[in-house]
1. Which condition does ASN217 not pass, out of (1) within 15 Å of the ligand (Cβ to nearest atom); (2) on the phi < 0 side of the Ramachandran plot, if it passes all the others?
2. Scan the range 131-154 and report the pairs whose first residue is farther than 12 Å from GLY94 by Cα and whose second residue is of a type in the set (Lys, Arg) and within 16 Å of the ligand (Cβ to nearest atom), with Cβ atoms within less than 7 Å and a gap of 6+ or a chain change.
3. Where residues in the range 129-181 are under 28 Å from LYS35 (Cα atoms) and touching an Asp or Glu at 6+ places or on another chain (Cβ under 7 Å), which of them is farthest from the ligand (Cβ to nearest atom)?
4. Could you please give the count of residues in the range 258-285 that are more than 16 Å from the chain's Cα centre (by Cα) and of a type in the set (Phe, Trp, Tyr)?
5. Would you tally the residues in the range 280-322 being assigned to a helix (DSSP H, G or I) and in contact with a Leu (Cβ under 9 Å, 6 or more places away or on another chain)?
6. For the range 251-264, does any single residue satisfy the condition of being charged (D, E, K, R), more than 18 Å from GLU164 (Cα to Cα) and free of Cβ contacts under 8 Å to residues at least 24 places away in the same chain?
7. Closer than 30 Å to MET255 by Cα and either outside the structural domain of GLU267 (by TED's automatic domain parsing) or within 16 Å of the ligand (Cβ to nearest atom) (or both), is that true of ILE184?
8. Pairs under 6 Å by beta carbon, first residue farther than 15 Å from TYR62 by Cα and not assigned by TED's automatic domain parsing to the domain that holds GLU75 in the range 298-312, partner aliphatic (A, V, I, L, M) and surrounded by 18 or more Cβ atoms within 10 Å (Cβ to Cβ), six or more apart or different chains?
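The values are calculated or read from the model by the stated rules, or taken from the named source; none is laboratory data. Being a predicted model, the structure only gives us computed values, none of them experimental. With ideal geometry, Cβ positions are generated from the backbone for all residues, glycine too; neighbour counts draw on all protein chains shown.
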Amino acid sequence: MINNSIKIYILKRRILLFAAILFVGICFVQAQPVKKHGKLSVNGTALTDEHGDTVVLSGVSYGWHNWWPRFYNKETVKWLVDDWNCTVVRAAMGVEPKKGYLDSPEWSKEKIEAVIEGAIENDIYVIIDWHSHGLQMKGALEFFEEMAKKYGKYPHIIYEIYNEPDHQSWDEVKAYSIEVVSKIREFDPDNIILIGTPHWDQDLHLAADDPLEGFSNLMYTLHFYAATHKQQLRDRGDYAMQKGLAVFVSECAGMSANGNGPIDYDEWNNWIEWMQKNKISWVCWSVADKNETCSMLYESAGSKGGWTENDLKESGIKTRELLRTGKLTRNSE
Ligand code: MG
């Protein structure tokens, strides 16, 4: 009996040790997405890695840098990698408001570059997002030339050249996109570039009928807020993919499109299932502490990460859970 107990004890210890090694191994792999996937490219409608395998990135977007600059640092990136399991973050550089790029270019670049460099150090992908609702061609050409010269050699970098066009036509957005993509391609021949579409990235069908020609590694952005955008927008995404567009959800969340109101769990889950089925990468909005549903943090949240559940609002708790487990549960579950 004693011998059997000792044997069982040793066996249990070995199983525990094996599980611990496996867990550390998984964490190690998860923590190094760029080492694992390397340079990204677009293959048909898929985002693929340097081994030719399809990649799905997931993570969060920082809020407008001009309003929430306190979170733009390397330490929050590290926290979002280690604790939230992000494989991508999005640096949302406000363009038009006060303290935005047009008003304060040097200060703005400092904030954005802290996140870019944090992403490179922590081996994740980073979206350099021109966070504008209006066409600002001159500023965009100057900014993306500088970014492409400086960061184009890093596989970590994804450019998003126009967050959410609002009332411009697709012809106008397309003409702008051709100019900015051409400028980036002078200095960076290959990193992924995300293209926005009219009406806050809802009009993918227009881009699908008349896409940019002659460039490689372009993807088109679809943004959803689940309490507002439903099956009709998923149908547009399906249409765009059927016509050959690669789709990237560079902004999304569970509440309504104004960033407020309750989270619609049924519809958010529908979106998650749709993205999983189509292997679409996604980024949730946003790392900010504004008094609204979509800002994931309370004002108690430290500027350099280290957040407890008490610092996270419902959308922060649920987004973190989704990133860590791949699943979204309701509050009552
Ligand atoms: Mg490059």
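1. Of everything listed in (1) within 15 Å of the ligand (Cβ to nearest atom); (2) on the phi < 0 side of the Ramachandran plot, ASN217 misses just condition (2).
2. Cβ pairs passing all conditions: LEU141/LYS183; PHE144/LYS183; GLU145/LYS183.
3. Filtering first and then ranking leaves ASN163.
4. In the first step, residues of the range 258-285 are kept if they are more than 16 Å from the chain's Cα centre (by Cα); the result is 258-270, 273-274, 277-278.
Those left that are additionally of a type in the set (Phe, Trp, Tyr): 265, 268, 274.
Here the count works out to 3.
5. 7
6. Step one: of the range 251-264, the residues charged (D, E, K, R) are 251, 264.
Add one more test, that the residue is more than 18 Å from GLU164 (Cα to Cα), and what stays is 264.
Now narrow it down to the ones that are free of Cβ contacts under 8 Å to residues at least 24 places away in the same chain: none.
No, the range 251-264 contains no residue that is charged (D, E, K, R), more than 18 Å from GLU164 (Cα to Cα) and free of Cβ contacts under 8 Å to residues at least 24 places away in the same chain.
7. Working: closer than 30 Å to MET255 by Cα: no; either outside the structural domain of GLU267 (by TED's automatic domain parsing) or within 16 Å of the ligand (Cβ to nearest atom) (or both): yes.
Spelling it out, it is not the case that ILE184 is closer than 30 Å to MET255 by Cα and either outside the structural domain of GLU267 (by TED's automatic domain parsing) or within 16 Å of the ligand (Cβ to nearest atom) (or both).
8. No pair meets every condition.
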